[in-house]
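Just so it is clear, none of the values below were taken in a lab; they were calculated from the coordinates. Here the structure is a predicted model, which is why all the values come from computation and not from measurement. Note that each Cβ is placed from the backbone with ideal geometry, even for glycine, and that neighbours are counted across all protein chains shown.
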Ligand SMILES: CC(C)(COP(=O)(O)OP(=O)(O)OC[C@H]1O[C@@H](n2cnc3c(N)ncnc32)[C@H](O)[C@@H]1OP(=O)(O)O)[C@@H](O)C(=O)NCCC(=O)NCCS
């Protein structure tokens, strides 16, 4: 579990299922993702994320507000072994329910995740990518100190004129210098 001033990043709980299904069916949250998720797809995603955290002790964590214990979305690290020409790589990713945008939670949780990636996991590099039109996500990348590497066509969005063009950002482990 990671703790910040306002957040807990932790293993998923049964009580996260309903709010995660809700946010995965919110067209605004999912604007830059391929499709809305069905209830089954959301539950599958939670199951896979939980299993990876059990196995590795890290992954895509559920995010909870410390003040209220409310589930607000996910932030974490995801292994991308083969999909891209820059694979293998470890990606940092985030997705929050809309009512929790604009409060700095994504940036706060992502900074703690990078600290974990660099200090505990001793990764040499973390990457992040999103559709070029997803300015809120690119903004989080910049705020956590990542720099733009290139634009590329995401193979899973290929043929979607709005979403196929992605930006790739990276940050190197500052403790290795
Ligand atoms: C991407 C996403 C997580 C960004 O969320 P966000 O709330 O905009 O990002 P942050 O948590 O960094 O919040 C930033 C804003 O909170 C505001 N804010 C309010 N209180 C704050 C605080 N205490 N600290 C920092 N920022 C604060 C700031 O004004 C800041 O906006 P600015 O950077 O333009 O000045 C969100 O848009 C999202 O979930 N989108 C849908 C899913 C998605 O697209 N994920 C990425 C797919 S690749």
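Overview of values
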| read-out | value |
| --- | --- |
| Computed helical MRE - 222 nm, the chain, DSSP H runs ≥ 4 contributing -39500 (n - 2.57), nearest 500 | -8000 deg cm²/dmol |
| Cα centroid of the stretch 79-156 to Cα centroid of the stretch 1-58, whole Å | 16 Å |
| Using distinct alpha-carbon pairs, which all enter the 1/r mean, Kirkwood radius of the stretch 50-92 in Å | 11.7 Å |
| Cα pair count fraction exceeding 29 Å, expressed as % - the chain | 14 percent |
| Rel. contact order, % - alpha carbon contacts under 8 angstrom, at least six apart, the stretch 2-176 | 19 percent |
| R0 of 22 Å, Cβ-Cβ distance residue 33-residue 153: FRET efficiency to nearest 0.05 | 0.85 |
| Burial ranking of peptide ranges 109-117, 32-40 (average Cβ count within 10 Å, highest at the top) | 109-117, 32-40 |
| Alpha-carbon spread of the stretch 1-76, three principal axes, descending order, Å | 31, 28, 22 |
